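Undergrad: First the structure, then my questions, so here it is.
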Amino acid sequence: MKTDAIETVKKPDTVIIQPMKGLVALNLRDLWIYRELVYFLTWRDLKVRYKQSVLGVLWAIINPLVTTVVFAIIFGNFAKFPSDGVPYPIFSYTATLPWTFFAAALTVSARSMLTSGGMVSKIYFPRIIVPLSSVFANLADFLVGFVIMIGMLIFYRVTPTLNMLWLPAFLLLATITALGVGLWFSALLVMYRDINYLLPFLTTIWMYLSPVVYASSTIPEQYRILYSLNPMVGVIEGFRWALLGTQQSISPSMIAISSGIALLIFITGLFFFRRMERIFADMI
Amino acid sequence: MSNLAINVRDIGKQYHIFSEVNRYQTLREKLSESLKSPLKALLHPTGSDTFWALRNISFDVERGMVLGVIGKNGAGKSTLLKILSRVVEPTEGRAEISGRVGSLLEVGTGFHPELSGRENVYLNGAILGMRRSEIDRKFDEIVAFSEIEQFIDTPVKRYSSGMYMRLAFAVSAHLEPEILIVDEVLAVGDAEFQRKCLGKMSDVAGEGRTVLFVSHNMSAVTRLTKECIILEHGKMTMRAPSDEAVDYYLSHGYEKGGERSWASEEIPSDAHPFKPIAMRVLNAKGQVVDSVRSVEPLTLEMEYSLDSAITGLRVGVYLVTVRGDYVFTSFDTDDPEQFSKYAERRAGHYISRCTIPADLLNEGRYTLGVNASVFRIKRYFQDANAVVFNVNPTGAPGMHWVEPRQGVTRPRLDWQIVEK
């Protein structure tokens with residue numbers, strides 16, 4: 001794209017405005033033109049979040065860390081949940097870290113269209129940027145929390161393996177899932193405001209359906225495939241396999257199923273969001 | 001590639017009517033509704049809860065042209081602008097826009113109070129569609145224009161509203177769009193700010209860019225635009241050179257004959273218990289007229305009824321020139337005695353009437369607005385454009401010189417010439 005306004009005057013882009021019918025194309029061209037807005041909104045979210053709270057960036061660590069401590073005491077110490085042969089605290093943190101990211105990204109992006117209502121009803125930009133940048137802002141929190149992860153790996157003397165190279169792929173899987181669900185819910189939330197009350201409930205239930213406090217190996221063998229229809233199963237067990245080298249809870253078919261479902265949610269979410277995009281300004 | 005900046009063909013926008021409380025649905029309602037819907041479908045066979053805010057709109061705007069869009073409130077002007085700036089999607093039709101569209105109606109969109117002025121310039125610029133390199137290049141200019149150099153690193157929540165507005169406007173003004181949309185009707189801010197908006201608009205027009213200008217200010221429209229389109233009830237009724245269009249609008253846009261009456265469906269529900277009936281301009285003989293002689297007194301009257309008593313009610317008029325300058329504001333209980341006498345106005349049928357003395361108003365066209373309110377408590381009813389009337393200067397002081405007189409008033413002053 002051209003960067004110079006003068007050049008644009010000579011060769012203006014023609015925009016066609018007409019009602020969208022049926023399944024509409026994703027308009028990636030506009031998304032590309034507005035790519036810097038993704039950066040600026042992500043940056044705004046981060047800046048505002050860390051400016052407003054005294055603890056600032058520490059929040060990104062405190063949340064998964066405190067959760068892990070509680071889980072380690074209750075489920076690890078008292079209930080003695082099996083943890084695939086690794087110390088429970090690190091077993092738990094490897095799950096709470098991506099889970100915290102997922103749950104926060106999902107909730108924030110689902111609400112993002114409403115919180116950005118002022119912008120949406122006044123000005124044009126590809127609406128998908130709003131939930132997209134909320135997910136990215138939470139990704140930054142994840143990276144901060146990952147520092148603790150490294151500390152724990154050293155503390156528990158976990159020897160890194162080549163599995164670790166797969167970690168970005170599992171992070172991508174978590175991101176795609178969060179964005180996909182976020183897209184669905186942000187569009188639905190514009191139409192039905194009471195879905196807002198459903199979100200905390202949804203994330204809580206979803207957590208217990210994911211191997212956050214327990215290992216997937218606890219699930220009977222014959223239900224594992226069904227279980228891995230939850231994309232977060234693939235994400236969390238993927239994290240454990242990549243970082244801790246656990247073998248009991250993971251199989252290639254589970255990862256494949258989780259990834260397939262994540263992609264399905266993401267792609268349908270994209271099209272659903274795009275389809276609803278045209279009525280956002282009317283509804284907000 | 002044609003030389004058209006905007007090409008609009010048969011654009012229409014249909015809205016669903018949502019009542020104030022029911023602007024959006026809840027899932028719970030939707031579910032219970034669909035259970036009840038068989039019955040509902042039986043009772044209401046046709047869904048009549050939609051209306052066309054805009055229909056069959058077609059026009060072209062050549063590159064570099066300044067086009068005025070005029071029409072009463074609710075005629076569809078803002079909807080048209082929102083469609084052209086891609087905020088809302090049309091229900092039917094097609095428009096082609098070539099070039100970046102900027103608008104002076106969304107100043108400050110996305111500003112965050114916690115962020116500094118500098119940060120907001122970048123954020124707002126990006127929201128408006130500027131590249132970072134572009135903002136970098138224009139940053140100093142933007143800050144200079146906003147005149148807030150020393151506060152640029154202060155969070156904008158500490159800004160005065162004037163500073164906030166100046167910074168927000170500065171960013172919008174430096175967008176350099178090929179097509180600029182100015183909705184003066186929506187422009188908030190003081191007179192100075194509006195003047196700046198108009199100034200920026202003439203600059204942009206002068207640089208050969210395309211401008212769409214929406215305004216109620218007819219003198220600004222004739223001054224700044226060459227051609228206008230008129231919207232009435234969502235339809236385009238005319239496109240003509242601005243002088244012609246403004247003339248047509250002024251003579252057809254309002255109720256004719258120096259009288260405005262309100263049908264019950266025109267009265268907003270929050271006006272209750274105040275019920276406007278009619279507003280009239282009367283000449284010295286007591287006839288309803290749309291043209292009065294400046295040498296005769298004229299009477300303004302507002303007829304209304306109260307369904308229940310209102311304490312502290314005042315009913316008044318605004319007199320405004322067609323250029324948008326206020327001549328005066330006056331209320332029926334301006335006199336303290338009158339105010340205490342009507343401390344509580346009982347339910348009933350009233351006329352509030354006042355007389356404008358002879359030899360006060362200059363020649364020209366005036367708009368009469370009405371306001372019924374309780375000071376600092378509630379505004380029951382307001383119509384800023386209730387009646388339009390002309391003042392004819394025949395016989396006014398100084399008419400033996402054929403020249404237009406400057407000024408809103410044309411008083412007959414008691415001159416004395418003393419030779420010393």
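The values are calculated or read from the model by the stated rules, or taken from the named source; none is laboratory data. Being a predicted model, the structure only gives us computed values, none of them experimental. Using ideal geometry, Cβ is built from the backbone for each residue, glycine included, and neighbour counts are taken over all protein chains shown. The protein model used for the area step is the full one, side chains on, heavy atoms only, and it has no ligands, DNA or RNA in it. Shrake-Rupley method; radii C 1.70, N 1.55, O 1.52, S 1.80 Å.
Undergrad: Considering only the range B:245-258, I want to know if a residue exists there that is charged (D, E, K, R), in contact (Cβ under 8 Å) with a residue 40 or more places away in the chain and not in a strand (DSSP E or B).
TA: Taking every residue of the range B:245-258 in turn, at least one turns out to be charged (D, E, K, R), in contact (Cβ under 8 Å) with a residue 40 or more places away in the chain and not in a strand (DSSP E or B).
Undergrad: Would the range A:97-115 turn up any residue that is surrounded by fewer than 20 Cβ atoms within 10 Å (Cβ to Cβ) and without any contact (Cβ under 8 Å) to a residue 12 or more places away in the chain?
TA: Yes: the range A:97-115 contains one or more residues that are surrounded by fewer than 20 Cβ atoms within 10 Å (Cβ to Cβ) and without any contact (Cβ under 8 Å) to a residue 12 or more places away in the chain.
Undergrad: Within the range B:353-362, can one find any residue that is in a loop (DSSP other than H, G, I, E, B), among the aliphatic types (A, V, I, L, M) and open to solvent by 10 Å² or more (accessible area, probe 1.4 Å)?
TA: Yes, some residue in the range B:353-362 is in a loop (DSSP other than H, G, I, E, B), among the aliphatic types (A, V, I, L, M) and open to solvent by 10 Å² or more (accessible area, probe 1.4 Å).
Undergrad: Among the residues of the range B:164-180, what is the count of those that are more than 13 Å from chain A (Cβ to nearest Cβ) and open to solvent by 30 Å² or more (accessible area, probe 1.4 Å)?
TA: Residues in the range B:164-180 being more than 13 Å from chain A (Cβ to nearest Cβ) and open to solvent by 30 Å² or more (accessible area, probe 1.4 Å): 3 in total.
Undergrad: While we're here: Would you mention how many residues in the range B:269-319 are part of a strand (DSSP E or B) and in contact with a Pro (Cβ under 7 Å, 6 or more places away or on another chain)?
TA: So the answer is 3.
Undergrad: Which residues, taken from the range B:367-387, are in contact with a Gly (Cβ under 8 Å, 6 or more places away or on another chain) and closer than 23 Å to B:P297 by Cβ?
TA: B:V370, B:N371, B:A386, B:V387
Undergrad: For the range A:176-204, name all the residues that are among the β-branched types (V, I, T) and more than 18 Å from the chain's Cα centre (by Cα).
TA: A:V190, A:I195
Let's see how each residue does on (1) at pLDDT 70 or above; (2) of a type in the set (D, E); (3) open to solvent by 10 Å² or more (accessible area, probe 1.4 Å):
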| position | (1), (2), (3) |
| --- | --- |
| B:V182 | yes, no, no |
| B:V188 | no, no, yes |
| B:A205 | yes, no, yes |
| B:L224 | yes, no, yes |
| B:A240 | yes, no, no |
| B:H252 | no, no, yes |
| B:G258 | yes, no, no |
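Undergrad: Looking at (1) surrounded by fewer than 16 Cβ atoms within 10 Å (Cβ to Cβ); (2) of a type outside the set (A, V, I, L, M, F, W, C); (3) in contact with a helix residue (DSSP H, G or I) (Cβ under 8 Å, 6 or more places away or on another chain), can you tell me which one B:D325 breaks?
TA: Failing condition for B:D325: (3).
Undergrad: A further question follows. State all residues of the range B:328-352 that are among the polar types (S, T, N, Q) and surrounded by 16 or more Cβ atoms within 10 Å (Cβ to Cβ); if no residue qualifies, say none.
TA: B:T333, B:S352 - these are the residues of the range B:328-352 that are among the polar types (S, T, N, Q) and surrounded by 16 or more Cβ atoms within 10 Å (Cβ to Cβ).
Undergrad: What residue, among those in the range A:12-51 that are at pLDDT 85 or above and of a type in the set (F, W, Y), is farthest from B:D10 (Cα to Cα)?
TA: Applying the filter and picking the extreme gives A:W43.
Undergrad: Looking only at the range A:48-81, count how many residues are aromatic (F, W, Y) and over 16 Å from A:N138 (Cα atoms).
TA: Residues flagged as aromatic (F, W, Y) and over 16 Å from A:N138 (Cα atoms) within the range A:48-81 amount to 4.
Undergrad: Would you call B:S264 surrounded by fewer than 19 Cβ atoms within 10 Å (Cβ to Cβ), over 30 Å from B:S215 (Cβ atoms) and in the same structural domain as B:S352 (by TED's automatic domain parsing)?
TA: When the stated conditions are applied, B:S264 passes them.
Undergrad: Take the range B:368-391 and flag every residue that is open to solvent by 60 Å² or more (accessible area, probe 1.4 Å) and over 21 Å from B:Y326 (Cβ atoms).
TA: Across the range B:368-391, the qualifying residues are B:I377, B:K378.
Undergrad: Is the range B:307-318 home to any residue that is under 26 Å from B:M399 (Cβ atoms) and not aliphatic (A, V, I, L, M)?
TA: No, there is no match, as no residue in the range B:307-318 is under 26 Å from B:M399 (Cβ atoms) and not aliphatic (A, V, I, L, M).
Undergrad: Looking only at the range B:91-127, count how many residues are closer than 23 Å to B:V182 by Cβ, more than 7 Å from chain A (Cβ to nearest Cβ) and assigned to a loop (DSSP other than H, G, I, E, B).
TA: 5
Undergrad: In the range A:205-222, what residues are more than 17 Å from the chain's Cα centre (by Cα) and small (G, A, S)?
TA: A:A215, A:S216, A:S217
Undergrad: Looking at (1) open to solvent by 60 Å² or more (accessible area, probe 1.4 Å); (2) closer than 29 Å to B:M130 by Cα; (3) β-branched (V, I, T), which is the only condition A:I73 fails?
TA: Result: A:I73 fails condition (2) only.
Undergrad: Give just the number: which of (1) touching a Phe, Trp or Tyr at 6+ places or on another chain (Cβ under 6 Å); (2) at the interface with chain A (Cβ under 10 Å from one of its Cβ atoms) does B:I70 not satisfy?
TA: The single condition B:I70 does not satisfy is (2).
Undergrad: Can we say A:A281 is within 14 Å of chain B (Cβ to nearest Cβ), touching a residue at least 12 places away in the same chain (Cβ under 8 Å) and under 30 Å from A:F125 (Cα atoms)?
TA: yes
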